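Enquirer: Structure below; questions to follow.
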Amino acid sequence: METHSAIPPAGSPDRHVRPRTDRDLDACVGVLAGVHARDGYPVNWPAHPADWLAQPTLASAWVAELDGRVVGHVALARSDAGDAAPGLWSTREGAGSDTPAVISRLFVAPAARGHGIGALLMARAVREARLRGLHPVLDVLASDTAATALYERLGWELLGTVEQRWSPEQVVTVRCYCAPPGTS
């Protein structure tokens, strides 16, 4: 089992990040349902949440465990037509569209927050992107202030804010971020 945090102090919960397996999908969907009920993420609940987590552009995914229970998730994916951050970053850097990697499907169970789980998941996804020679980017709804605060606390740089049409009736404002150079 791969551990991505220092040994926690005595009395601290055991937390670690490991690769997601197909056996984790039910637990992930359960955590996601709790996040959706509390925070409204994802905004549009998918008809098949496990398929949404196993997105077609998926490169890798991880889960976070706290005291042996799955409490969080993150994915690293190739750029999709709906992702704004890869295009903004590629244009700014003069890089090819195959250079950015999108961090997506990040969520942490409400009851597990405050233990650094989101930061651990982000670090793991960023590290994998770097190992692949890619630059991590992400899109986040402008209204998701908790996620935005995490990314900015981790030093992510705002590339820009764009509006996206998710359906004929739904236009959303998205903030686009890129990881600082050389971070893991």
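Enquirer: If a residue must be of a type in the set (S, T, N, Q) and open to solvent by 20 Å² or more (accessible area, probe 1.4 Å), how many such residues does region 61-91 contain? Before the answer, list the steps.
Expert: So the first thing to find is which residues in region 61-91 are of a type in the set (S, T, N, Q), and the list is 79, 90-91.
Applying the additional criterion that residues be open to solvent by 20 Å² or more (accessible area, probe 1.4 Å) yields 79, 91.
The number of residues fulfilling the criteria is 2.
Enquirer: Just one of ALA95, ALA112 is touching a residue at least 12 places away in the same chain (Cβ under 8 Å), surrounded by 20 or more Cβ atoms within 10 Å (Cβ to Cβ) and either over 26 Å from ALA33 (Cα atoms) or out of contact with any helix residue (DSSP H, G or I) (no Cβ under 7 Å at 6 or more places or on another chain) (or both); which is it?
Expert: On the way: ALA95 fails: surrounded by 20 or more Cβ atoms within 10 Å (Cβ to Cβ).
One residue alone meets the criteria, ALA112.
Enquirer: Being within 17 Å of VAL74 (Cα to Cα) and open to solvent by less than 40 Å² (accessible area, probe 1.4 Å) is the filter here, so list the residues in region 135-157 that pass it.
Expert: HIS135, PRO136, VAL137, LEU138, VAL140, LEU141, ALA147, THR148, LEU150, TYR151, TRP156
Enquirer: What are the residue pairs meeting all of these: first residue in region 1-30, first residue closer than 15 Å to HIS115 by Cα, second residue exposed (fewer than 10 other Cβ atoms within 10 Å of the Cβ) and modelled with pLDDT of 85 or more, Cβ atoms under 9 Å, and 6 or more apart or on different chains?
Expert: ASP14/GLY68
Enquirer: While we're looking at this one, here's another question. Does region 119-126 contain any residue that is part of a loop (DSSP other than H, G, I, E, B) and either open to solvent by 70 Å² or more (accessible area, probe 1.4 Å) or under 24 Å from PRO56 (Cα atoms) (or both)?
Expert: Within region 119-126, none of the residues are part of a loop (DSSP other than H, G, I, E, B) and either open to solvent by 70 Å² or more (accessible area, probe 1.4 Å) or under 24 Å from PRO56 (Cα atoms) (or both).
Enquirer: Could you tell me whether ASP51 is modelled with pLDDT of 90 or more, exposed (fewer than 13 other Cβ atoms within 10 Å of the Cβ), within 17 Å of the chain's Cα centre (by Cα) and more than 23 Å from GLU157 (Cα to Cα)?
Expert: In short, yes.
Enquirer: Name the residues in region 81-135 that are of a type in the set (Lys, Arg) and modelled with pLDDT of 90 or more, would you?
Expert: Passing the criteria: ARG105, ARG113, ARG124, ARG127, ARG130, ARG132.
The values are calculated or read from the model by the stated rules, or taken from the named source; none is laboratory data. Since this is a predicted model, take the numbers as computed values, not measurements. With ideal geometry, Cβ positions are generated from the backbone for all residues, glycine too; neighbour counts draw on all protein chains shown. We work out accessible area using only protein heavy atoms, side chains counted, and drop any ligands, DNA or RNA first. Shrake-Rupley method; radii C 1.70, N 1.55, O 1.52, S 1.80 Å.
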